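Report on the structure given below.
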């Protein structure tokens, strides 16, 4: 039993270090092929910081732990906005670019709405097998599924997002930079990173399931509160350092880009590999995810597009209230 706890904790180290090595190795390889820094940042780095969520979801999905997989993404995206932007803006007020305000934030809101429609099949595409029972008046469990068709829709939008990124990259000026690793080291870092992600993800899923069983909390709550935050640690580090160095676009872009990657890429691939049943109780957390982005938009749409320190504190308070609400059994996914 104690071994599971140790694996759970060490798994996060493997996961985060694996993502770091994967980003470093793959970025060096990309530079060798003269891919611009902006494209690397918006694709490889964003994909790398979303790699922990992808690995955890694939393992959880294949093992039939869909609540853990979906809770991981919802929890990670909520933490990205409330926790990461909250901490980053407390370090230094963040000036949000018009591009992020009027393009990437609306993209996040639109994608959250699309995900809600795809997950709630009973409301938008009624299935006769999912009609409420005549005797109980309740529909059978797991009628809402993120199936392979839904996943293809998400991946199609992901391709459109990559086209948007490519267009932004072509319009931006950037300087060429030489790879800082040899070809051998680049390959080695990439392979070690992938191995770390795989091992860490497996240990975290096993530990998370065990904790859920002995604590009385649901897998969804464990996914949202513990694993969702844990897999967001790469974004915490990247955005905090970027804010400290005065690179607001990187801090904000990392959060908004990661949220899009998590939904369109991670859930798209996860559902394609193994369809994920969705419980309607998780709609509460889906709504919170959308509200987090909406509150971010309302906070910066006026007054010079600045996310000031007091707004960062409000984000952290909102996040704390949300977590306490979950742990206290306020949501029926307990």
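The values are calculated or read from the model by the stated rules, or taken from the named source; none is laboratory data. Fair warning: this is a prediction, and the values are worked out from it, not measured in the lab. Cβ coordinates were reconstructed from backbone atoms using ideal geometry, including for glycine residues, and neighbour counts include every protein chain displayed.
A single entry from 266, 273 fulfils the requirement of being surrounded by fewer than 16 Cβ atoms within 10 Å (Cβ to Cβ), touching a helix residue (DSSP H, G or I) at 6+ places or on another chain (Cβ under 8 Å) and under 30 Å from residue 153 (Cα atoms): 273. Residue 268 meets the stated requirement of being assigned to a helix (DSSP H, G or I), touching a residue at least 24 places away in the same chain (Cβ under 8 Å) and closer than 22 Å to residue 62 by Cα. Of the residues in segment 208-223, none is more than 30 Å from residue 322 (Cα to Cα) and either surrounded by 15 or more Cβ atoms within 10 Å (Cβ to Cβ) or at pLDDT 75 or above (or both).
Do we have residue 318 as at pLDDT 95 or above, buried (at least 16 other Cβ atoms within 10 Å of the Cβ) and in contact with a helix residue (DSSP H, G or I) (Cβ under 8 Å, 6 or more places away or on another chain) here? In short, yes. Scanning segment 51-95 for residues that are in contact with a strand residue (DSSP E or B) (Cβ under 6 Å, 6 or more places away or on another chain) and surrounded by fewer than 24 Cβ atoms within 10 Å (Cβ to Cβ) returns 93, 95.
When residue 258 is tested against (1) modelled with pLDDT of 85 or more; (2) within 17 Å of residue 112 (Cα to Cα); (3) surrounded by 15 or more Cβ atoms within 10 Å (Cβ to Cβ), exactly one condition is not met: (1).
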